[in-house]
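Reading through the structure tokens given below for one structure.
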Amino acid sequence: MKQETSVCDDRAESMAAFNKPKVELHVHLDASIRLETMLYFSRKRRIHLPGDNPDDLRQHLSCKGPSSLSEFLSKFNIFMPVVAGDREAIKRIAYEFVEIKAKEGVIYVEVRYSPHLLANCKVDPIPWGQMEGDLTPDEVVDLVNQGLREGERDFNIKVRSILCCMRHMPDWSPEIVELAKKYWNDTVVAIDLAGDESLHGKNYPGHRKAYEEAVRCGIHRTVHAGEAGPPAVVREAVEILKAERIGHGYHTIEDPVLYKELLEKKMHFEQCPWSSYITGACDPDLTKHPMIQLKKDKANYSLSSDGSLVFDSILDTDYSIAKKYMGFTEEDFEQANLNAAQSSFLPDKEKHKLIKQLSEAYKQ
């Protein structure tokens, strides 16, 4: 299969893949910024970007797959200085994120981000080479919440957020949990652990203690694991960090014992097919993607985009790929979205309402 050409071409036809209401659980705010917005703030703040129009900028920021997770992450060094530390930018990207998802047919989304990576004050080290300012991680969360709430109001979808701990910065993790407590259900519903999976949690007790506190306080937990890393990272996420969902988790199936355990526990796997192709997380032959095995085994999984900016995609790209290369039917997509609703971090009453909304839409 000539994957690089054919897969990229799928994006143009992807809107036909699944046009019913969708739920998205794994998408990064800072990987979903509009190019036009980025250019606006680069000019306003006089920060150089490698392009002065959306098409030129896209060529520099989009990964061409199959690539690597490290190349994907390197793209953030280019554009994050444009929005980090700027109050107007942070609120705006949150608001526009909701608009983007509404246009994609999403009725409920959980968006994740690291408050520390958007701050320039009371964060050590200050990220992206910024000069110290007066925007703290706490205020970042408040600004994102404002943008998300205004987007909910204007675009008629439900949005919640997840605060990310970063594997390479365990000293930030305790504050993430405190921020989750402070902004619980406004709009925060969970914490996540993202970053380099080779940095095992057992060597970084800050993450373990933060997750223990989250468990104690009833804060929901997801963890990036088994994306580029081995099944052992997934086991660590489940057994040590008490993850309720696994971000990606592709390599779980390489450990049959672990995989069987998680199937029995109905562990939810947040799958992102297009990003797994771009980052080289899976076999580039998409007809061998682990999500096919998940579907076959009636596992608890859902489809998400991971983020549109660096992957140069939309959510329906993932649906189109699943349909064309993995044999997914409309019924499979409906089940994946019902899985997502059931495994969402909404309170039970709101969760049941969401499930009912999807079920009624799928009967039509």
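Ellipsoid fit via the Cα gyration tensor, region 188-229: semi-axes of 19, 13, 6 Å, each the root of five times an eigenvalue, largest first.
For region 119-212, carbon and sulfur atoms together expose 48% of the accessible surface, with a 1.4 angstrom probe and every protein chain in place. Annotation: per residue accessible area for the chain equals 41 Å², rounded to a whole number [probe 1.4 Å, protein chains only]. When VAL234, VAL215 are compared by accessible surface with a 1.4 Å probe, the order from highest to lowest is VAL215, VAL234. Per residue, the chain reaches -14500 deg cm²/dmol at 222 nm when only DSSP H runs of four or more residues are counted, each adding -39500 (n - 2.57). Pairwise inverse Cα distances across the chain, averaged and inverted, put the Kirkwood hydrodynamic radius at 20.4 Å.
Using a probe of 1.4 Å, the accessible surface attributed to ASP134 totals some 100 Å² when neighbouring protein chains are kept in position.
Calculated on the Cα set of region 183-276, radius of gyration then Dmax: 13.0, 39 Å.
Taking every protein chain into account, the 1.4 Å probe leaves MET291 with about 0 Å² of accessible area, to the nearest ten. Expressed as a whole percent, the accessible area of region 31-118 that falls on carbon and sulfur atoms is 50 (1.4 Å probe). Using the Cβ-Cβ distance between ASN19 and ASP171 with R0 set to 30 Å, the FRET efficiency from 1/(1 + (r/R0)^6) comes to roughly 0.10.
Reducing region 294-364 and region 231-246 to their Cα centroids gives an inter-centroid distance of 22 Å. Against the criterion of solvent-accessible heavy-atom surface with a 1.4 angstrom probe, TRP128, TRP184, TRP274 sort, most first, into TRP184, TRP128, TRP274. The solvent-accessible area of SER198, taken with every protein chain present and a 1.4 Å probe, is close to 70 Å². Split the accessible area of region 217-364 by element, probe 1.4 Å, and carbon with sulfur accounts for 51%. Computed from the C-beta positions of ARG216 and GLN59 and an R0 of 56 Å, the FRET efficiency is 0.75 to the nearest 0.05.
The values are calculated or read from the model by the stated rules, or taken from the named source; none is laboratory data. Since the model is a prediction, treat every value here as computed from it, not as a measurement. A quick note on method: Cβ atoms are made from the backbone with ideal geometry, for glycine too, and the neighbour counts reach across all protein chains shown. To get the accessible areas, we keep the full protein, side chains included, count just its heavy atoms, and leave off ligands, DNA and RNA. Shrake-Rupley method; radii C 1.70, N 1.55, O 1.52, S 1.80 Å.
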